[in-house]
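Right, one structure below, let's go through it.
The values are calculated or read from the model by the stated rules, or taken from the named source; none is laboratory data. The structure displayed is predicted, hence computed values, not measured ones. FYI the Cβ positions are ideal-geometry reconstructions off the backbone, even for glycines, and counts take in every protein chain you see.
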Amino acid sequence: MRRFAPLIPAGGRVLDLAAGAGRHARLLLDMGFMVEAVDREVVALLPLTGPRCTVRAIDLETGDAWPLGGGYQGIVVTNYLYRPLLPAIVAAVGEGGVLIYETFMLGNERFGRPRNPEFLLHPGELLDACVGLTVAAFEQGEVTAPRPAMMQRIAAINGAVGRLPYGRYSAASGRGARSGGAKLRSCCNDGTMRRASAMRPGSICAVTIPSRSPPSASTSPHGSTINEWP
Ligand SMILES: C[S@@+](CC[C@H](N)C(=O)[O-])C[C@H]1O[C@@H](n2cnc3c(N)ncnc32)[C@H](O)[C@@H]1O
């Protein structure tokens, strides 16, 4: 989330779908976006309501038509899957907008919940769902942090291939933090920096520029914990 949210056009309207307690809605507000936070349970989200944040209580799984319209400059979905919604989610990304989607995939059963295959992506499923968008990043595999799990994640743009984010959004500075160090290394999801030769097969690792702080969970000014895309 933190790595790719800076790709969302500045000040844009962003949908946090199945927003839960609002950890990403808070981060997006911190980043200056207009946020629509949607969940069937909104008690924890209601305090975020304000001039830049709309909270909507919607059951997304009634089988009714997509209730949220389109043209979003950003859509964020994490740890939630209702497969029939995937086409509508992709279609709701406006021109130049960005979809950031991360959730569990098949194989997660051996680590814990969710185990129900309905809630687990198939290999490559997010890539397939994003046909028509430009994929900026895609990962799938086993992660060790914040706990062992099988995850899949994508950042895809409704537009041409463009710039990749340089560094990550820093809640402390309120802007994209530039990372120190010129040497490319591999930053693994458990927060460690390793040479490619030292990586475990199947683990999720991305080539990135090392940051000054470890890429693990961190705390926003609102006190919410944010798990970062490594
Ligand atoms: C595991 S939580 C993820 C929350 C948040 N995206 C995050 O990563 O912190 C899943 C969320 O999906 C919401 N949810 C589950 N079924 C839903 C439905 N039918 N309609 C709307 N929201 C639903 C739950 O209320 C819960 O907040």
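With the structure loaded, tell me whether Ala5 is modelled with pLDDT of 95 or more, within 20 Å of Leu133 (Cβ to Cβ) and not charged (D, E, K, R) or whether it fails that test.
Yes: the conditions hold for Ala5.
Confirm whether Leu86 is touching a residue at least 12 places away in the same chain (Cβ under 8 Å) and either on the phi < 0 side of the Ramachandran plot or away from the ligand (no atom under 16 Å from the Cβ) (or both).
The answer is yes for Leu86.
Would you tally the residues in the stretch 45-82 being surrounded by fewer than 16 Cβ atoms within 10 Å (Cβ to Cβ) and within 8 Å of the ligand (Cβ to nearest atom)?
Of the residues in the stretch 45-82, 6 are surrounded by fewer than 16 Cβ atoms within 10 Å (Cβ to Cβ) and within 8 Å of the ligand (Cβ to nearest atom).
Looking for something of a type outside the set (Gly, Ala, Ser) and either touching a His at 6+ places or on another chain (Cβ under 7 Å) or farther than 26 Å from Arg163 by Cβ (or both) - is there at least one such residue anywhere in the stretch 91-102?
No, because not a single residue in the stretch 91-102 is of a type outside the set (Gly, Ala, Ser) and either touching a His at 6+ places or on another chain (Cβ under 7 Å) or farther than 26 Å from Arg163 by Cβ (or both).
For the condition closer than 19 Å to Asp128 by Cα and either not in a loop (DSSP other than H, G, I, E, B) or not aliphatic (A, V, I, L, M) (or both), what is the one hit in Pro47, Pro67, Pro87?
Exactly one of Pro47, Pro67, Pro87 is closer than 19 Å to Asp128 by Cα and either not in a loop (DSSP other than H, G, I, E, B) or not aliphatic (A, V, I, L, M) (or both), namely Pro87.
The rows are residues; the columns are (1) on the phi > 0 side of the Ramachandran plot; (2) within 15 Å of the ligand (Cβ to nearest atom); (3) in contact with a strand residue (DSSP E or B) (Cβ under 6 Å, 6 or more places away or on another chain).
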position	(1), (2), (3)
Pro6	no, no, yes
Gly11	yes, no, no
Leu15	no, yes, yes
Ala19	no, yes, yes
Ala25	no, yes, yes
Asp30	no, no, no
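I'm trying to understand the selection: among the residues of the stretch 19-44, which are surrounded by fewer than 21 Cβ atoms within 10 Å (Cβ to Cβ) and assigned to a loop (DSSP other than H, G, I, E, B)?
Gly20, Ala21, Gly32, Arg40, Glu41, Val42, Val43, Ala44
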